[in-house]
Amino acid sequence: MSMIKFDPFRELRTLNDEMNRLFSAVPASVDRGEFARGSWSPNVDIYEDENRLIVEAELPGMNREDFEVSVENNVLTLKGERKFEKKTEGDNYHRVERAYGSFTRQFTLPQTITAEGATADFENGVLRVALPKREETKARKIEITASGTGAKAIEAESKSANA
């Protein structure tokens, strides 16, 4: 009687090989548009200047009606859908690399930002949302006086206030 070494992963490897074989070739009868659908996530840049926080999102090939922007509970939400559109019935796509489908991007805003007075522009496939900083959190310049004169002025103000 001969002994055969037991391989507990043999069946898993066989299943893996079968799945790879099944999905390795896309049948010509399948609508290639089905493979173009799904989730995607637009690229986003976030930066700030003295007065605002700016969020720029790349939304190429989309129209203004295809997405929405909202702020709720200090969370900025970009939500929309880019649809795959066949040009004509006779088109036979060999490769579809651009991403299509619905997307949602959410960004928690810092407490220093307010949605009051926010603006959004959409031009050349780029959405630009500008959110103003709260007045009380903006940096302020403090003037420095010559040596000793500032302290004397403060001391004089406090004496006149106490009198």
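The values are calculated or read from the model by the stated rules, or taken from the named source; none is laboratory data. Predicted model only: the values in this text are computed from it and were never measured. Positions of Cβ are generated from backbone atoms using ideal geometry, with glycine treated the same way; all protein chains shown enter the neighbour counts.
Figures for the structure shown
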read-out	value
Selection status of residue 36, modelled with pLDDT under 90, of a type in the set (A, V, I, L, M, F, W, C) and in contact with a strand residue (DSSP E or B) (Cβ under 9 Å, 6 or more places away or on another chain)	yes
Condition met for residue 156 (modelled with pLDDT of 90 or more and not in a strand (DSSP E or B))	no
Any hit, the stretch 94-115, residues being among the aromatic types (Phe, Trp, Tyr), in contact with an Asp or Glu (Cβ under 8 Å, 6 or more places away or on another chain) and modelled with pLDDT of 90 or more	yes
Failed condition for residue 125, given (1) modelled with pLDDT under 95; (2) surrounded by 14 or more Cβ atoms within 10 Å (Cβ to Cβ)	(2)
Those strands (runs of 3 or more DSSP E) lying entirely in the stretch 97-150 with at least 3 residues within 17 Å of the chain's Cα centre (by Cα), within 30 Å of residue 85 (Cα to Cα) and in contact (Cβ under 8 Å) with a residue 12 or more places away in the chain	101-108, 126-132
Close pairs from the stretch 64-88: first part of a helix (DSSP H, G or I), partner among the aliphatic types (A, V, I, L, M) and modelled with pLDDT of 90 or more, Cβ under 8 Å, at least 6 apart	66/59
